[in-house]
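Reading through the structure tokens given below for one structure.
Read-outs: derived from the displayed coordinates by stated rules, not from any lab. Quick caveat: nothing in here was measured; it's all calculated off a predicted structure. Glycine also receives a Cβ, built like all others from the backbone with ideal geometry; neighbour counts cover every protein chain displayed.
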Amino acid sequence: MKKTVLLEKHISLGAKIVDFAGFRMPLSYSSVTDEHNYVRENVGVFDVSHMGEFEISGKNSTKFIQFICSNDIMKLKPGKAQYNCLVKDNGGIIDDLIVYKIDEEKYLLVVNASNIEKDLNWIKSLNKNYSCSINNISDRISLLAVQGPKANLLCQRFTKEDLKSLSKYSFILGTFAGIDNVIISKTGYTGSGGFELYISNENVEKIWDELFNVKDFEVKPIGLAARDTLRLEMGYCLYGNDINELVTPIEANLGWITKLDTNFIGSESIKKQIENGVKKKLVGFIINDKGIPRKGYEIFDKSENHIGVVTSGTFSPVLKKGIGLAYIENNISLKEIYLKIRNNLIELEVVKTPFI
């Protein structure tokens with residue numbers, strides 16, 4: 001198993017350590033609900049250094065990334081980032097990722113930890129006609145997510161850059177806590193605001209310690225379990241649960257990052273799917289009765305016909321109800337549908353996401 005630079009820090013803080021995507025990672029430090037609510041109300045720090053980072057550069061880099069990604073890369077300017085998908089020829093999602101435009105001929109792609117090798121091989125296989133430089137720098141970069149409504153006040157202590165001027169999905173390459181060349185990005189996976197800090201491995205311990213030693217802030221470390229409940233309250237997809245190679249962006253309600261006029265790889269297949277209609281759609285739901293949905297739970301209509309399956313589910317600490325995402329057969333009524341929990345059918349209410 002791999003480990004992040006900060007593993008010993010997590011162990012010393014009493015974190016429950018689990019194997020995740022090939023890494024030893026902190027699942028939680030205390031109650032998941034307490035960690036979740038703390039991010040919603042204050043500020044917490046996640047070590048997400050298991051994520052993968054690729055640098056792609058060269059005179060054809062923009063054309064190349066436009067070809068491999070579903071969103072419109074031409075809209076990106078230096079200092080901006082964009083949520084995206086890598087898709088197969090048939091439209092299936094290889095991975096979801098964030099693309100950062102560093103300068104006119106250089107990009108940073110941030111991919112899911114479990115997909116680093118797969119994504120890298122896929123990207124390299126398509127590079128023949130573009131001759132871009134592709135560098136996997138995942139083992140040299142650490143990533144801290146400083147999330148919550150007080151993240152701006154905390155992070156501003158450590159940089160002269162005006163963080164209030166950063167709009168969502170913008171970033172600065174600047175100095176943070178005395179460390180140069182830190183990417184300070186207004187992105188995150190919690191829906192509570194904040195920043196993600198891309199830091200060289202040799203400097204991440206210093207920045208971690210600085211963040212936790214601010215006297216008038218009680219900063220708490222947050223584990224992967226709360227990261228999952230936070231993202232699910234926002235209706236964000238998790239690769240391996242809600243999206244995979246058997247699902248297209250249209251089925252996953254990611255049409256907003258699928259720009260067919262760019263002619264990216266897989267766009268023709270997705271156009272045909274739109275013309276012919278999809279067989280299933282990802283929807284959000286809540287349980288107004290008792291019960292917590294889990295991945296794999298089955299969904300039925302009022303006649304007890306099987307119509308779907310839960311891909312992500314949890315108890316929402318904010319709503320104090322069970323919430324989840326599920327694929328349900330398209331073109332059927334979304335009223336009077338039921339989740340089976342321990343052979344009991346519990347009625348669901350389909351709702352738009354985010355849940356809060």
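Listing for the model above:
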| quantity | calculated |
| --- | --- |
| Dipole magnitude of the stretch 279-351, debye to nearest 20 (Cβ charges: Lys/Arg +1, Asp/Glu -1, about Cα centre) | 260 debye |
| Gyration tensor (alpha-carbon) shape descriptor, the chain, a/c threshold 1.5 | oblate |
| Point-charge dipole on Cβ atoms (K/R +1, D/E -1) for the stretch 42-148, about Cα centre, debye to 20 | 360 debye |
| Whether the stretch 279-351 is rounded, prolate or oblate, judged on the alpha carbon gyration tensor where a/c under 1.5 counts as rounded | prolate |
| Charge-dipole axis of the chain as Lys and Arg at +1 and Asp and Glu at -1 on Cβ define it, positive-most pick from GLY22, SER142, VAL45 | VAL45 |
| Local electrostatic count, PRO78, Cβ distance below 14 Å [Lys/Arg +1, Asp/Glu -1] | +2 |
| 13 Å beta-carbon shell around SER185, net charge (K/R +1, D/E -1) | +1 |
| LYS124-GLU336 FRET efficiency (beta carbon distance; Förster radius 45 Å; 0.05 resolution) | 0.35 |
| Cα-based shape type of the stretch 99-247, given that a ≥ b ≥ c are square roots of the gyration tensor eigenvalues and the cut on a/c is 1.5 | oblate |
| Whole-Hz couplings from phi, Karplus 6.51/-1.76/1.60, listed for the stretch 228-235; x for Gly and Pro | 6, 5, 5, 5, 6, 4, 8, x |
| Relative contact order for the chain, counting Cα pairs under 8 Å that sit 6 or more residues apart, in percent | 18 percent |
| Simple Cβ-charge dipole of the chain, Lys/Arg +1 and Asp/Glu -1, about Cα centre, in debye nearest 20 | 300 debye |
